[in-house]
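The values are calculated or read from the model by the stated rules, or taken from the named source; none is laboratory data. Every value quoted in this text rests on a predicted model; they were computed, and no experiment measured them. Reconstructed Cβ throughout: ideal geometry from the backbone, glycine too, with neighbour counts over all protein chains shown. Side chains included, ligands, DNA and RNA excluded: accessible areas come from the protein's heavy atoms. Shrake-Rupley method; radii C 1.70, N 1.55, O 1.52, S 1.80 Å.
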Amino acid sequence: MTVGVCLFILRSKGHADPEALASAEDEVYETVVRDLYIPRNGQSSVSDLKISRLVFSNTADAFLCPGVDQKTCADGVRQRLRSAADGRVRPETIEDFIERSQTAGPLSTTFHTDLPRAFIAPESVYFDIEPIEKNGQKPFYQMFPGVSGIISFSHVGFDSTLHEAIVSTSFICGGLCGAGRRYILRKKWGRWEIADKWIVWVS
């Protein structure tokens, strides 16, 4: 009995197969990107412009609660997630998300999108209208005409079976232009479906 409990705890603490974890993370990103850009009632979630290309941050967003201490942040995120998706989010998924979403590092570039895409360092561009260089930064809208902004993702938190996931995403289109969202997803019949989503911040 004790051995069984220990094995369960070890399994729930991490994901044994790094390739399966990376594949599941890519599938989650693909599902969220489709939700952001497939028009609903004639309008997409992030823009009413016709999008011809997508631009992503090349690093994972590790700012779970900017300006808030780590414990207060984790407690607030934990409480909100417990009440999401009809209160059926697994505690292990929540804890994995809180840990992984505060981990910096490169973002995967292997997930599929229906549109051409680019990965950039967000600090390498600026969104001012004036077409001039600033300290080596390039004007975003000149570099990427027809693109409405930069999408960034956190790392994804999963349950131990890789069938439930939580991820944050941000969309930046200027200094005071953008929004952050959080998604809860579940895998059913081999496909990820969005169980819940909400806006976390807006600028």
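Rolled with a 1.4 Å probe across the full set of protein chains, the surface gives residue 59 an accessible area near 70 Å².
With R₀ set to 22 Å, the beta-carbon distance separating residue 99 from residue 63 gives a calculated FRET efficiency near 0.90. Calculated FRET efficiency, residue 193 to residue 138, Cβ-Cβ distance, R0 = 35 Å: about 0.40 to the nearest 0.05.
Around the Cα centre of region 47-203, unit charges on the Cβ atoms of Lys, Arg, Asp and Glu (plus for the first two, minus for the last two) sum to a dipole of about 420 debye.
If the chain linking residue 201 and residue 113 were pulled fully straight, counting 0.36 nm for each residue of separation and taking away their Cα-Cα distance, it would gain 29.2 nm. About its Cα centre, the dipole of region 131-189 is roughly 140 debye, where the only charges are +1 on Lys and Arg Cβ and -1 on Asp and Glu Cβ.
Sorting 168-179, 68-79, 149-160 by average packing, meaning the other beta carbons within 10 Å per residue, from highest down gives 149-160, 168-179, 68-79. Computed over protein heavy atoms with a 1.4 Å probe, the accessible surface of region 60-203 works out to 54 Å² per residue.
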